[in-house]
Structures are given as C-alpha cells and as structure tokens.
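These notes are about the structure you will find just below.
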Amino acid sequence: DKLRPFTHWLCAVVIAVSGAASGILVLAVNAWMQLPVGFSLDSAGHVASTAPLAIFKTFAWFVMSLHSTLACYMAVAFAAASIYAYGWLRGRRDAYHRAALHITLAIGAITAIAQPLAGDSIAKFVYRTQPTKFAAMEGHFRTEQYAPLHIGGLPNTQTHETPWAIKIPGGLSFLATHDPSSTVTGLDDVPRDLWPNVMLTHLAFQVMVGCGTLLMIAGIWFWYRWWRYRTRFLESRMLLRTLIIGGPLGFVALEAGWMVTEAGRQPWVINGYLRTADAVTPSGSVPLMFAIFVSLYLLLTATMIVLMRRLGRYTPYLEEEEASAQSVTS
C-alpha cells in the first residue's frame, strides 16, 4: 500500500524485463563458447584481433537465448501453478487463487507449446556446428542415412550400440535437416578422445525432452478445458493433481538442458580451440568464492520460501470479498 497500483505494476515490469535481458545477454558468452567467432590468431596461436559483438550477429546467440528464456518462463510458471493448484484443492477457491492459476497456466502453456519449435531450431544448429554433441545426444554411433531417432535406451560405448531404445527410422535425420534421408555423422567417425560423456549427454537429453513433452501436454490440457468450460476449467481435480506433481518438471528440464549443453561440448571449454583440461585455473581462491556463492543462493532460497509461504497465507481478494459480503449483510 506504499505505492499506487500502476507504480507497483511498473516496478514488476522493470524487474521482469531486466531479468530476461540479463539471461539473454549472459547467453552470449555461452553461445560464444559453443561457436567461437569474432577473433583471429597469429602464427604463434595468440589472439591478434577481436570483435566482441560478433556473437550477437549469429544464429547461435538468438536460438540459444530463445530456447533458454522459454525454458525459464515455463519452469517458473508451472512451479507457481502447482503451488496455487495445491491451495485450490485445499479449499482456497477465491478470486486470488483463480487469477493466479489463470496467469501461470496461460504463460506455462504458451511457452511449453512454443518450446518444441525453439528446440527444433537449436537441434539443427547443434547438428551443423557440433556433430559430436548431436551424436552423443542420441547415442548415435554409426554414420548413416535414414539415421534412427532413439527414445530412451542406454548407450554402450564398448559395443557402440544403444540397447533398449525405441527406434524411429529416419527420425534423427529428419530432426537434423527435415529430410529423413540425410546423413548423420556417428561417434565412430570422431576420435575417441573427442567424445563427451555419451551416457550423461544422452540421458540428460532424454530427461529434458521427456519433461518438456509432459508439460506441453499439461498446457494443451489446460487450454482445452479453458476453451470448453471457461470459468469451470478448475473443476477437474485430475488436472490440478497433475499440475502439483508436474510442478518441479520445468526445473528438471532446465537443469537437464544445461547438462546437455555443457557436458555435450566436452572435452572443449571453447569449442575447437581450448580444452577444458587446459583451462582449469590454479587459483586457490576458487573454494572461497564457491562457498560465498553457495551461501548467497541458500539465503535467496530461504528468502523465497518465506515470501512464498506468506503469499500462500495472504489472499487479499478473499478478504475484500468477505468485507464486501459483511457490509451488504449489515
């Protein structure tokens, strides 16, 4: 009550825009590590010239920023929806919870449905620029046309097979180029010391896609019920229970996606130029900085939990409705 409603709303807009911009700009660094551009080396291997803004002109930065931003909004939206769905099932069926569920589910559903489109673009980018990572993501060992898409399975780097996987013929080739007959490079054509951790990369990719698909289905379910029942869409207890169970899946998908991005690039820290083993710092201050950052994020986590619990107990619309009802009765 210290600010006018419009000023309060405007503060939220500034926070939202600056938060999204921060993530998008930081992604430029990671995109550059995946696709280093804007510099030249002399005959001795030293950096001779740089163009710091070159990465912003690449498709790599755009598609990675889009994919990551959608993932963040999807994760937060479904996590918040799960909290309000729990409250609704517990009997807190007021305008406050209804509005919160409308907003969070709308954002979560839109981003979850849009995410596969961004994922398709980033898969094609990885196929063109990081064929080894692309092969590891799918546990794909042999270079071939009509390469199959593996759903599940456990890659075996000894036998060069991915047993127990459901194989869709031509699926991986189609994912790479939209042409099921295109050739996809396998890990067998890459020196073994340039392989990432194939098992970790493949499983993280499967978890990311699986969680994202489940949330997309939940989003479509929400839109269907809203289109058919409008204000009565929250009468489905099954939908509400699904939202509660699926609340953490967005964050699981987000973390799994970063594991694919970073583990799949190994053994390079800067793709094709600098190995991770050669980039390890000898600085003795790393443990201290790590402890400081862990402490900071633990404090932020505790603060968020306190605020969320306070929001969960405070239902301003319910209080206003009760006050209005009392005044009418009197």
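By definition, a body whose alpha carbon gyration tensor gives a ≥ b ≥ c is prolate when a/c is 1.5 or more and a/b is larger than b/c, and the range 123-245 fits this prolate description.
If R0 equals 41 Å, the separation of the Cβ atoms of residue 308 and residue 178 corresponds to a calculated FRET efficiency of about 0.45.
Across the chain, the longest piece that holds none of the chymotrypsin sites (Phe, Trp or Tyr not before Pro) lying in DSSP loops with up to 10 other C-beta atoms within 10 Å covers 1-163. Label positions at residue 10 and residue 291, each projected 7 Å from the Cα along the C-beta direction, are separated by 4.5 nm. For the chain, the relative contact order works out to 19 percent when only alpha carbon pairs closer than 8 Å and six or more residues apart are counted. When all protein chains stay in place and ligands, DNA and RNA are ignored, the 1.4 Å accessible-area order of 1, 179, largest first, is 1, 179. Counted as membrane-span-like here are DSSP H helices of the chain whose alpha-carbon atoms extend 24 Å or more along the helix's own axis and whose Kyte-Doolittle mean is 1.0 or above; these are 5-34, 59-89, 286-313. Over the chain, the fraction of Cα-Cα pairs per 10 Å bin, rounded to whole percents and listed from the shortest bin up, is 5, 19, 27, 24, 15, 7, 2, 1, 0.
Note on the range 94-240: with neighbouring protein chains present and a 1.4 Å probe, carbon and sulfur make up 66 percent of its accessible heavy-atom surface.
The values are calculated or read from the model by the stated rules, or taken from the named source; none is laboratory data. Since we're looking at a predicted model, the values are computed, not measured. As a convention, Cβ positions derive from the backbone with ideal geometry for all residues, glycine included, and neighbour counts pool all protein chains shown. Accessible surface is based on the protein model in full, side chains and every heavy atom, while ligands, DNA and RNA are left aside. Shrake-Rupley method; radii C 1.70, N 1.55, O 1.52, S 1.80 Å.
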